[in-house]
1. Which is of a type outside the set (Phe, Trp, Tyr), within 22 Å of Val168 (Cβ to Cβ), in contact with a Lys or Arg (Cβ under 6 Å, 6 or more places away or on another chain) and at pLDDT 90 or above, of Ile88, Ile34, Ile30?
2. Could you list, in sequence order, all residues of the stretch 130-145 that are under 24 Å from Lys12 (Cβ atoms), of a type outside the set (A, V, I, L, M) and crowded, with 16+ Cβ neighbours inside 10 Å?
3. Right, Ile127: in contact with a helix residue (DSSP H, G or I) (Cβ under 7 Å, 6 or more places away or on another chain), assigned to a helix (DSSP H, G or I), among the hydrophobic types (A, V, I, L, M, F, W, C) and crowded, with 16+ Cβ neighbours inside 10 Å or not?
4. Just one of Ser99, Ser59, Ser69 is at pLDDT below 80 and hydroxyl-bearing (Ser, Thr, Tyr); which is it?
Amino acid sequence: MARGKEEKLQNKLLDYLRSSKEIKKYGLQIGQGIQVPKDFTYIPYKNKFCLGGVQTDISLYKEVDENISNNLIYTTRVNNSKDKKIRIPYLVLELKTGSLTSDAIRARDLVARDIKNIFPHIPYLFIAENTNKKNETLFRQGKSFTNFYIKSTKFKEEDFKNIARLIVHHLSLMKNNGII
């Protein structure tokens, strides 16, 4: 879960996205700290697949009944609950504010790559405010992100509108391709 300034950014963006009529029409749930599948491993002695997950800053997702297959073992639950749901991501937002280290970008890039290996259709967007990282550095270190929205200053209302437009653009493409 985000802390301090990043948590404030997360809450403000989440509120903005949840109030967007354009985003609502796609019928996806929007949440923060959502656990989504990122990998699976075959367990030969049980003849089952073990599904692993990762927590995301903000996700647009659909819930699927956990009992979709008798050949899965689940190692994680959303927010450590026992609600027996799998969250299938349709768009993920990685949020950062302030100073960005190369290691932090690379670590989240690996998560984006793992998720996109299972869900190649989803946009994984990197959103950052108050950062002085050069775009060239972010492009080099964040190859698995679909798009970036980066500002060297704190986000204003217009930035939240632009992020929502970027999300709607990606959702529209997925709808046109029969994914949503």
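1. Numbers: Ile88 fails: at pLDDT 90 or above; Ile34 fails: at pLDDT 90 or above.
Step by step, each of Ile88, Ile34, Ile30 is checked, and only Ile30 is of a type outside the set (Phe, Trp, Tyr), within 22 Å of Val168 (Cβ to Cβ), in contact with a Lys or Arg (Cβ under 6 Å, 6 or more places away or on another chain) and at pLDDT 90 or above.
2. Pass one, the stretch 130-145, residues under 24 Å from Lys12 (Cβ atoms): 130-133, 135, 138, 142, 145.
Next cut, of a type outside the set (A, V, I, L, M) only: 130-133, 135, 142, 145.
Residues satisfying the conditions are Asn130, Thr131, Lys133, Gly142, Phe145.
3. In short, no.
4. Selected residue: Ser69, the only one of Ser99, Ser59, Ser69 that is at pLDDT below 80 and hydroxyl-bearing (Ser, Thr, Tyr).
Results for (1) touching a helix residue (DSSP H, G or I) at 6+ places or on another chain (Cβ under 6 Å); (2) over 19 Å from Glu6 (Cβ atoms); (3) not in a loop (DSSP other than H, G, I, E, B), shown as yes or no for each residue.
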| site | (1), (2), (3) |
| --- | --- |
| Ile115 | no, yes, yes |
| Arg140 | no, yes, yes |
| Asp159 | no, no, yes |
| Ile163 | no, no, yes |
| Leu171 | no, yes, yes |
| Ile180 | yes, yes, no |
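The values are calculated or read from the model by the stated rules, or taken from the named source; none is laboratory data. Just so it is clear, the model here is predicted, and its values are computed rather than measured. Cβ: placed from backbone, ideal geometry, glycine included. Neighbour counts: every protein chain shown.
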